[in-house]
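Visitor: I have a structure I would like to understand better, so I am pasting it below and will then ask my questions one at a time.
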4 protein chains.
Amino acid sequence: MGEVGVIGKPVPEPGPTDVVVRTTAAMVCTSDVHTMRGAIPVAPDVTLGHEAVGVVHALGSAVEGLAVGERVAVGGVTPCFQCESCQRGFSSQCQGRMLGGARFTTQRDGNLAEYFLVNNARANLAPIPASLSDHQALYATDMLSTGFVAAEHAELALGETVAVFAQGAVGLSATIGCRLRGAGLIIAVESVPARQELARRFGADLIVDHTRCDPVERIMELTDGQGVDAAIEALGAPQTWEAAFRVTKPGGRISNVGYHGEVHEPLRIPLEPFGHGMSDKQVYAGFNRGGRGWLRRIFRLLETGKVDPTPMTTHEFGFDEIERAFALMASKADGIIKPLIHFDVGAEGAEGA
Amino acid sequence: MGEVGVIGKPVPEPGPTDVVVRTTAAMVCTSDVHTMRGAIPVAPDVTLGHEAVGVVHALGSAVEGLAVGERVAVGGVTPCFQCESCQRGFSSQCQGRMLGGARFTTQRDGNLAEYFLVNNARANLAPIPASLSDHQALYATDMLSTGFVAAEHAELALGETVAVFAQGAVGLSATIGCRLRGAGLIIAVESVPARQELARRFGADLIVDHTRCDPVERIMELTDGQGVDAAIEALGAPQTWEAAFRVTKPGGRISNVGYHGEVHEPLRIPLEPFGHGMSDKQVYAGFNRGGRGWLRRIFRLLETGKVDPTPMTTHEFGFDEIERAFALMASKADGIIKPLIHFDVGAEGAEGA
Amino acid sequence: MGEVGVIGKPVPEPGPTDVVVRTTAAMVCTSDVHTMRGAIPVAPDVTLGHEAVGVVHALGSAVEGLAVGERVAVGGVTPCFQCESCQRGFSSQCQGRMLGGARFTTQRDGNLAEYFLVNNARANLAPIPASLSDHQALYATDMLSTGFVAAEHAELALGETVAVFAQGAVGLSATIGCRLRGAGLIIAVESVPARQELARRFGADLIVDHTRCDPVERIMELTDGQGVDAAIEALGAPQTWEAAFRVTKPGGRISNVGYHGEVHEPLRIPLEPFGHGMSDKQVYAGFNRGGRGWLRRIFRLLETGKVDPTPMTTHEFGFDEIERAFALMASKADGIIKPLIHFDVGAEGAEGA
Amino acid sequence: MGEVGVIGKPVPEPGPTDVVVRTTAAMVCTSDVHTMRGAIPVAPDVTLGHEAVGVVHALGSAVEGLAVGERVAVGGVTPCFQCESCQRGFSSQCQGRMLGGARFTTQRDGNLAEYFLVNNARANLAPIPASLSDHQALYATDMLSTGFVAAEHAELALGETVAVFAQGAVGLSATIGCRLRGAGLIIAVESVPARQELARRFGADLIVDHTRCDPVERIMELTDGQGVDAAIEALGAPQTWEAAFRVTKPGGRISNVGYHGEVHEPLRIPLEPFGHGMSDKQVYAGFNRGGRGWLRRIFRLLETGKVDPTPMTTHEFGFDEIERAFALMASKADGIIKPLIHFDVGAEGAEGA
């Protein structure tokens, strides 16, 4: 726990329905930092990472419809799509296990590595359209995907109001998602000027800086005392969680995608804003989603220019600088939002972070 | 606070869209007891009650489609159906106010009285079909209505599993509701033998007695370690609230209709069973629903014999015995579930509880 | 039938829940032309029109929350919001009557008049925000509203594909609606260059000109033989209706908002593209929607600049030129899409078209 | 076309994700008769059938969680659950092909044979609980499944009204499904006394005999002129299809599961009952559904005694009498509804019908 470094591992061998991908680009996620800190338990020496794209290196014997050398992306979660949980539409909770679709890192090596294995490859790998760069495609694997999931669970009707708490990469993506769903008013809660600027660019109509005012009071004012139709929690902190309930009107939705693993206490729902359990408020605990179909729908939004998340990328590194990328993500220094990791495409070794 | 008694009040006068009803039968609700105890704040000397049926006594000048002398029922909530909250489908949160549709008792006199006023009468009053008794119709005003709302928010697909915590009148009604929605397995959590017996009669497949085992462990065993697709909280207590999260599988729903006003602390969601905020679990804070259309749909289920809630009625009183009915509801003595209050139909006075 | 002219009528008197509005601006709708031609049956000498805004002139005795002189808009449909149909969410089919919410013209005088009456005024009138012009607000009453309804019933998930048949004012509004719901690819079918140009401006990614190719074949090509996730029929013709089924993939939605009253034959669903009744395709017959809440949500999209429909307005007239406006709408000459009708605000007479 | 007989075929060999099942019991479906008549095109000498249960005979190399000798059922459709169509929830339209999930008979040999192959076995095979007979389990593979799909697409709210057109095995199952979803009033349209009797037993409240009255007029009378909230078409004929639109109220749903392949003409929607395209009516073209999870949910309803479909079985045959079973299903003579086919469990040969 607490230490990250590059170690050598053999190139994985694919089982019948697997594919091995040679990585060309990847990103570090804040949840990799949670893992490093022990807030997400994993096996020793496991490879981190779940945001990567690359080219098909080797195909399992039963895999059809993919070719060696094809550019592919894979979601940060890689469900089986065969089990009852997947068949019911909850593929992120694959096998009926909590977050069971999250295999990278938590169930086996992640993909911050030169080569990585993808289970149920036909269901999980999506070809990257020629018009998209690796950089763009990477955002589909987790940031946009998770942010869009947050926006979906906000269940916005056209013209409704929404508050998004925190404008990190997931919160910014949720802001994009709310714009895409036709929100009438998007209020972003954020104090860092560069993130405020991105929030505006991505669709926020109003910014609330919680370091300069009480964000709950301010949002109530901005909505004529009514509150918002939906609130998105994209941070994972007790304060934003509780604030989300306070700013949401009766009959509204609280959509959580924050990971509440750093504080070891139950989440607390304030009684009065919850109508003592009778407010017609709805809470959804959302998680990233995988699968070829979902990736391709996000790609389409990138291809037709409706979304461009790349301004979130504040830093770029080579794979040999990966430890610096981790350190920055942990400290959130230098205004980092997302670091892009380039892999030397000609390389033949196999090392994992 | 704390004292209940019968006092004299004038017969109310209807405004243009109101109707005044002469009561023929009513029921006391546990939430009347909450009110008596001060857990629900009300005006001094307000009349209690929100479960009553009767006959039309006087019509407002703009009310069409109803006639003096007609037998009518009215939901425990009486929304305006005109405001934006009602138009969005959240009529129980009328005017955008928390529980704003609940006008009886909380916004003006309730209907445990010989005469009572109904706002927006055309939208809120439903004629009682000739084939239904007052006794049957009364259950549509709150108990079945609230229990069915709980079942709806459990969002059961055909054949799914559900646990219902507590088998008071609302919990029993939720059990009926789950059977009506096609649950494959209904597990009722209850320790009182008479309530267990009713639960079985109303559709529970299995009973878990939480005084004889750990109900969470037992429900996990009964579902092969998978948990249930949905859990209904029909009590309003921290233990059952938390248990609901623990027994629900990832991707499941927690449907609350318990009133959590007796304990003055935030509701606590246990972290691990909530996937630290990423379990794809959904929580809904439900409340009773009103309106002519909804009442008539419940009446239809009663008329065609698909539902008979009257075995829940354990006691009957005359209106002059109302204080005894309250005392029993407060103490839950003598195995009381629901007390039916008969009004002397010939009476001409006007007194409120 | 067939003749339109201006006639004098008295200023209407409001009933208890009504409001009388003095018109400041209005628009002519193609359905007014349908009415003129007899394709929609109405009473003789009825006033046409259902797209108008103005100021409150007189209030019914029971109307609260509105003031004389206030700028207001009203939807083209004005449901009661009290009946069972409204309570079930189908307010456009008010009273359980087909299109029963459409009172202007079909049930009483329309609002192409200097003064007009609005039933259930508190539910149906929305104040116009100061930042919006009459011109902008008018689009909320029918064009955007109907187009957005079409987009809603297309039930688009983020990134999905959609084809919109015909880019008149409703089709263009549907295109805006699809963009607002996060469609990944919007294909607009239209041959008129000015409308194609507007379609692109409003969010269409690709234009198919059905006069230059077989639109079904072309859309199948553009979607790699898969078809679109949803098709919107915004014309009301047998050809576009059938084409909508042919271009929609199995498991897709056909959302109709075209009025099929000009051809007196049943609508025909081609068997094979419907999977002989087993294609998992869904068809929705949509209609304009009213109500204060819905209007205010559309206003919010206009206020925050997410939508600007005014480029659809190709012509402007004074009320005294209304017959010319009708003639143009009937002939669709001079590239007309929507004509804006100005009322002389100082006038005191009362005349209806 | 037109001839059915038993021919010898080798026992199939499983691919990596397949399982071969030895049949113990099966049923003949009316769609097998459609196939025989050429209304569903298939390869010459293909084995018919898609309703069968048995024991696992041989496992593909990559199949986990199943054992040779285990009793299993398989849905009449066997999707891959890997493709984009399956991931979107439309597994019956697997691969984006119309009815693409229907592999038995239409894409390869059916399972009216002593041995049959199941693709994607882990996703498609469900163990049969010990408490269920083969006879009961068989109904989950198509009849109950398709009838329940019909009831789901009727989107019934508690207490709503529904008409089910035709009470063959699918219509009867739809009636069961409507009861399970909490319909308030179920009207079954059927003229055959034995089917009327079963309809009542399965939950129909009222029977309309279309040979003795105009069923549209009668249903309108029975619903006080309002029409039903939903209509289910479970026959596949122009008359019932059109009647379904006529009896459904504005804002209602028409749920089709009838196969309209015998008449070679477009389906016709009558204009006026469709509000000329603006009735807020919704039409769904439904099809049988597969997958382990769905089968297990139906099994649960059978296990807890909430459903018993076996009274639909009017005839029983040995596999050597299969041609008689087909002849009866084609002629519908002798009051046949469903014939159960017993396989000699000790047999070792491999023959297909």
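Visitor: Cα to Cα, under 22 Å, and not fewer than 8 places away if on the same chain: which lysines meet these conditions relative to A:Lys306?
Guide: A:Lys338, C:Lys306
Visitor: Amide H to amide H under 5 Å from D:His315: which residues, 5+ apart in sequence or cross-chain, H placed 1.01 Å off N in plane?
Guide: D:Ile337, D:Lys338, D:Leu340
Visitor: Then there's this: Counting DSSP beta bridges in chain C, what percent are antiparallel, to the nearest 5?
Guide: 45 percent
Visitor: Using the C-alpha gyration tensor of region B:231-353, what are the square roots of 5 times its eigenvalues, in whole angstrom, with the largest one first?
Guide: Details: eigenvalues 268, 82, 36 Å².
Whole-Å semi-axes of the equivalent ellipsoid: 37, 20, 13.
Visitor: To the nearest whole number, what is the average tally of beta carbon atoms from other chains within 10 Å of the beta carbons of peptide C:281-294?
Guide: Per residue, the average neighbour count from other chains is 6.
Visitor: Can you give me the Rg/Rh ratio for region A:263-319, using Cα atoms for both radii and the Kirkwood formula for Rh?
Guide: Here the Rg-to-Rh quotient is 1.19.
Visitor: Rounded, prolate or oblate: which fits the protein assembly as shown, taking a ≥ b ≥ c as square roots of the Cα gyration tensor eigenvalues, rounded meaning a/c under 1.5, else prolate when a/b beats b/c?
Guide: rounded
Visitor: Which order results if B:Ser173, D:Ser331 are arranged by neighbouring Cβ count within 10 Å, fewest first?
Guide: D:Ser331, B:Ser173
Visitor: Where both residues lie in the protein assembly as shown, what percent of DSSP beta bridges are antiparallel, nearest 5?
Guide: 50 percent
Visitor: Sticking with this one: In degrees between 0 and 90, to the nearest 10, how far off the longest principal axis of chain D does helix D:169-180 point, with axes built from Cα atoms?
Guide: It works out to around 70 degrees.
Visitor: Could you tell me which of rounded, prolate or oblate describes region D:77-227, using a ≥ b ≥ c as the square roots of the eigenvalues of the alpha-carbon gyration tensor, with rounded for a/c under 1.5 and, failing that, prolate when a/b is larger than b/c and oblate otherwise?
Guide: Prolate.
Visitor: Excluding B:Pro16 itself, calculate the net charge of residues whose Cβ lies under 13 Å from the Cβ of B:Pro16, where each Lys or Arg counts +1 and each Asp or Glu counts -1. Intermediate results must be reported in sequence, preceding the final value.
Guide: Details: positive: B:Arg122, C:Arg122; negative: B:Glu13, B:Asp18, B:Glu64, C:Asp18, C:Glu64.
Here the charged neighbours net out to -3.
Visitor: Okay, moving on. Taking every alpha carbon pair in region D:149-285, what does the distance histogram look like in 10 angstrom bins from 0, in percent?
Guide: 14, 49, 33, 4
Visitor: 5 Å is the cut-off here: which amide hydrogens, built 1.01 Å from N in the peptide plane, fall below it relative to D:Ile232, excluding neighbours closer than 5 in sequence?
Guide: Distant-sequence amide H within range of D:Ile232: D:Ala163, D:Val164, D:Phe165, D:Ser255.
Visitor: Rounded to whole Hz and in sequence order, give me ³J(HN,Hα) for region B:128-139 from the Karplus expression 6.51 cos²θ - 1.76 cosθ + 1.60, θ = phi - 60°, writing x for Gly and Pro.
Guide: For region B:128-139, the Karplus curve yields 8, x, 4, 6, 9, 7, 4, 4, 5, 4, 4, 5 Hz.
Visitor: Let me ask you something else. Take the alpha carbon gyration tensor of region A:37-89, find the square roots of its eigenvalues, order them as a ≥ b ≥ c, and report rounded if a/c is under 1.5; if not, report prolate when a/b exceeds b/c, else oblate.
Guide: Working: a/c = 2.28, a/b = 1.27, b/c = 1.80.
Here region A:37-89 falls in the oblate category.
Visitor: Which order results if D:Lys9, B:Lys338 are arranged by neighbouring Cβ count within 10 Å, fewest first?
Guide: Taking fewest neighbouring Cβ atoms as first place, the list is D:Lys9, B:Lys338.
Visitor: Quick one: angle between helix A:322-331 and the longest Cα principal axis of chain A, in degrees between 0 and 90, rounded to 10, please.
Guide: For helix A:322-331, the angle is close to 10 degrees.
Visitor: Could you please point out the chain C residue with its Cβ nearest to the axis of the rotation taking chain C onto chain D, and the distance in whole angstrom?
Guide: That would be C:Val283, 2, residue then distance in Å.
Visitor: Turning to a different aspect of this structure: Compute the FRET efficiency between B:Asp45 and A:Arg201 as 1/(1 + (r/R0)^6), taking r as their Cβ-Cβ distance and R0 = 56 Å, and round to the nearest 0.05. Don't jump to the answer; show the numbers that get you there.
Guide: On the way: r = 58 Å, r/R0 = 1.04.
Between B:Asp45 and A:Arg201 the formula returns 0.45.
Visitor: Right, another one. If you plug each phi of region B:225-239 into the Karplus form 6.51 cos²θ - 1.76 cosθ + 1.60 with θ = phi - 60°, what whole-Hz ³J(HN,Hα) values come out, in order, with x for Gly and Pro?
Guide: Once rounded to whole Hz, the list reads x, 7, x, 8, 5, 8, 10, 10, 9, 10, 10, x, 9, x, 5.
Visitor: Would you please give the residues with an amide H less than 5 Å from that of D:Thr248, counting only those at least 5 places away or on a separate chain, with H modeled from the backbone geometry?
Guide: Sorted by chain and number, the residues that satisfy this are D:Val228.
Visitor: Another question, if that's okay. Percentage of Cα-Cα pair distances in chain B greater than 40 Å, rounded to whole percent? Working shown, then result.
Guide: Numbers: 6959 of 62128 pairs.
Across chain B, Cα pairs with separations above 40 Å total 11 percent.
Visitor: So what is the relative contact order of region B:148-285, in percent, for Cα pairs below 8 Å that sit 6 or more residues apart?
Guide: Reported as a whole number, the value is 23 percent.
Visitor: Also: Shielding of D:87-97 by partners, i.e. mean partner chain Cβ atoms within 10 Å per residue?
Guide: 6
Visitor: At a threshold of 8 angstrom on Cα-Cα distance, excluding pairs fewer than six apart, so keeping six or more, what relative contact order does chain B reach in percent?
Guide: 21 percent
Visitor: Taking the Cβ of B:Ala25 as the center, what net charge do the other residues with Cβ under 13 Å away carry, scoring Lys and Arg +1 and Asp and Glu -1? List each step's numbers first, then the result.
Guide: Numbers: positive: B:Arg22, B:Arg71, B:Lys338; negative: B:Glu51, B:Glu114, B:Asp134, B:Glu316, B:Asp344.
Here the charged neighbours net out to -2.
Visitor: Tell me, B:Glu233, B:Glu323 in order of fewest to most beta-carbon neighbours within 10 Å?
Guide: B:Glu323, B:Glu233
Bear in mind that the values in this text are calculations on the coordinates, not laboratory data. Just so you know, these numbers come straight off a predicted model, no measurement behind them. Heads up, the Cβs are rebuilt from the backbone with ideal geometry, glycines too, and the neighbour counts pull from every protein chain shown.
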